[in-house]
Amino acid sequence: RYRKNAYLFIYYLIQFCGHSWILTNMTARFFSFGKDSVVDTFYAIGLVMQLCQSISLLELLHIYVGIESNHLLPRFLQLTERIIILFVVITSQEEVQEKYVVCVLFIFWNLLDMVRYTYSMLSVIGISYAVLTWLSQTLWMPIYPLCVLAEAFAIYQSLPYFESFGTYSTKLPFDLSIYFPYVLKIYLMMLFIGMYFTYSHLYSERRDVLGVFPIPKKKM
């Protein structure tokens, strides 16, 4: 148990440091260069963001082997969303990397992850703060739907480039072919279905963690 907690603490600490660096860097660049820094967001911090998201795939292994107590499918859906948007949609199209939506997505992702990893890191060593617990179970409620909308908008903006350059579109034997913009459009619909499922799970988890605070009745 000690080794498991030590490993999880180090993992959460690494993720917290990575996402903190990204958000701090974005803030410093904005105050230094203004709106010009928004266009260069991916070039400045894209590599670190890719590294953090790649490492986060370990969380699926944590849940599978029982190191981390969580539901596998909701976490899989959340990670899949980010991996597809970051590596397939944004990284593969240089024109998309300069869009404002990339900066917005990075802000949303890092806000959620900074709070989540801080809460998880302290929980492993038995430290709990009521405010942090409430924030970790509440911040996602307005931000997660905005994340999905931003992800959908990033896909929408990428479609013309996938159509023009034919990225990931390929021909198969027997006169079959894969036209990747159609795949993205199908995934766009699945994105909102997955959002409903994930939102329901997170809300149920929030209810279990925070509990119901009974209101004391006044004596007559």
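The values are calculated or read from the model by the stated rules, or taken from the named source; none is laboratory data. As the structure is a prediction and not an experimental result, all values here were calculated from the model. Quick reminder, even Gly has a Cβ in these numbers, built from the backbone with ideal geometry, and neighbours come from all protein chains shown. Side chains are part of the model used for accessible areas, which takes the heavy atoms of the whole protein and leaves out ligands, DNA and RNA. Shrake-Rupley method; radii C 1.70, N 1.55, O 1.52, S 1.80 Å.
Can you tally the net charge around Thr167? Count Lys and Arg as +1, Asp and Glu as -1, for every other residue whose Cβ sits under 12 Å from the Cβ of Thr167.
Numbers: positive: none; negative: Glu94, Glu95, Glu163.
Around Thr167, the surrounding residues sum to -3.
What is the projected area of the convex hull of the Cα atoms of the range 1-105, averaged over all directions, in nm²? Walk me through the numbers on the way to the answer.
Working: hull surface 28.3 nm².
Approximately 7.1 nm², given one-decimal rounding.
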Would you work out which of Ser54, Ile90, Gln78 lies farthest towards the positive end of the dipole of the chain, given +1 charges on the beta-carbon of Lys and Arg and -1 on that of Asp and Glu, about the Cα centre?
Gln78
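Per residue, how much accessible surface does the range 1-212 expose to a 1.4 Å probe? Answer in Å², no decimals. Show your work: numbers first, answer last.
Details: 11870 Å² over 212 residues.
Ligands and nucleic acids excluded, the figure is 56 Å² per residue.
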Could you work out [θ]222 nm for the chain from helices alone, using -39500 (n - 2.57) per DSSP H run of at least four and dividing by all its residues? Round to the nearest 500 deg cm²/dmol.
-25000 deg cm²/dmol
If you bin every alpha carbon distance in the range 1-212 into 10 Å steps from zero, what whole percent lands in each bin?
7, 30, 35, 20, 6, 1, 0
Relative to the Cα centre, what is the charge dipole magnitude of the range 1-68, using +1 at the beta carbon of each Lys and Arg, -1 at the beta carbon of each Asp and Glu, and rounding to the nearest 20 debye?
260
Among the Cα-Cα pairs of the range 135-177, the proportion with separation greater than 12 Å, in percent, is 71
Within the set Thr80, Thr138, Thr170, GNM on the chain using Cα springs under 10 Å gives the largest fluctuation to Thr170
Around Gly46: net Lys/Arg minus Asp/Glu count, Cβ-Cβ under 12 Å
-3
Quick one: what are the phi-derived ³J(HN,Hα) couplings along the range 65-71, Karplus 6.51/-1.76/1.60 with θ = phi - 60°, whole Hz, x for glycine and proline?
8, x, 5, 10, 8, 6, 8
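Cβ under 12 Å from Ser200's Cβ, Ser200 left aside: what net charge do those residues give with Lys, Arg +1 and Asp, Glu -1?
Values: positive: Arg206, Arg207; negative: Glu205.
Surrounding charge for Ser200 is +1.
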For the chain, the dipole about the Cα centre with charges only on Cβ (Lys and Arg +1, Asp and Glu -1), to the nearest 20 debye, works out at 1160
Assuming R0 = 22 Å, can you tell me the calculated FRET efficiency for the pair Tyr2 and Val65, based on Cβ-Cβ distance, to the nearest 0.05?
0.85
For the range 176-191, in residue order, the Karplus 3J(HN,Hα) values (coefficients 6.51, -1.76, 1.60; θ = phi - 60°; whole Hz; Gly and Pro = x) are 9, 8, 10, 9, 4, x, 5, 4, 5, 5, 5, 5, 4, 6, 5, 4
